[in-house]
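Since every read-out is calculated from the coordinates, none of them should be taken as a lab result. Fair warning: this is a prediction, and the values are worked out from it, not measured in the lab. Cβ coordinates were reconstructed from backbone atoms using ideal geometry, including for glycine residues, and neighbour counts include every protein chain displayed.
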Amino acid sequence: MAAGPPRVVKPYIVAPEAENDLWQIWRYLFDEAGLEVADRIQEELFAAFQQLVEFQGSGHRRPDLTARGVLFCRVYQYMIVYRRAARIEIVAVLHGKRDMKRILRKRSSV
């Protein structure tokens, strides 16, 4: 019996709501600045996710936004909100000018 191709396991998890955040960011940037900019920012966000895996604990708490056990890391004007676990879990990627406190309060993954 053939084993098939190796299964690639990402070292992090992106929660469904964070996937939606990423799509909205890409779509906005695509509409406002074009494909090249949208793709570049998206790539940099994913590179930041990988760095969070390599340097767990980087970022900072924001007790003014949430009391839950998440950390915040900035990439340009976007805040990556993540939880440390067996694998890093990206729970949100939000523009810094949005009402993050309200958004995070509504998120089931935070």
**Asked** Loop-only check: which trypsin sites (Lys or Arg not before Pro) in segment 1-100 are DSSP coil with at most 11 other Cβ within 10 angstrom?
**Response** ARG7, LYS97
**Fill in**
Over the chain, the sum of -39500 (n - 2.57) across DSSP H runs of at least four, divided by residue number and rounded to 500 deg cm²/dmol, gives at 222 nm -13500 deg cm²/dmol
**Asked** Along the positive direction of the dipole of segment 12-106 (beta-carbon charges: Lys, Arg +1; Asp, Glu -1; about the Cα centre), which of LEU104, ILE90, VAL53 reaches farthest?
**Response** LEU104
**Message:** Can you compute the charge dipole magnitude of segment 12-106 about its Cα centre, using +1 on each Lys and Arg Cβ and -1 on each Asp and Glu Cβ, nothing else charged? Give it in debye, rounded to the nearest 20.
**Reply:** 700
**Prompt:** What are the ³J(HN,Hα) values, in whole Hz, obtained from phi via the Karplus relation 6.51 cos²θ - 1.76 cosθ + 1.60 with θ = phi - 60°, for each residue of segment 65-75 in sequence order, with x given for Gly and Pro?
**Reply:** 9, 7, 8, 6, x, 10, 10, 10, 9, 9, 10
**Request:** Go ahead and run the numbers for FRET between ARG68 and PHE46, Cβ-Cβ distance against an R0 of 22 Å, rounding to 0.05.
**Result:** 0.40
**Request:** State the volume of the convex hull built on the alpha-carbon positions of the chain, expressed per residue in Å³ and rounded to an integer.
**Result:** 131
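Scan segment 38-110 for chymotrypsin sites (Phe, Trp or Tyr not before Pro) in coil per DSSP, keeping those whose Cβ has at most 12 other Cβ atoms within 10 Å, and list them by number.
Listed in order of number, the matching sites are PHE55, TYR76.
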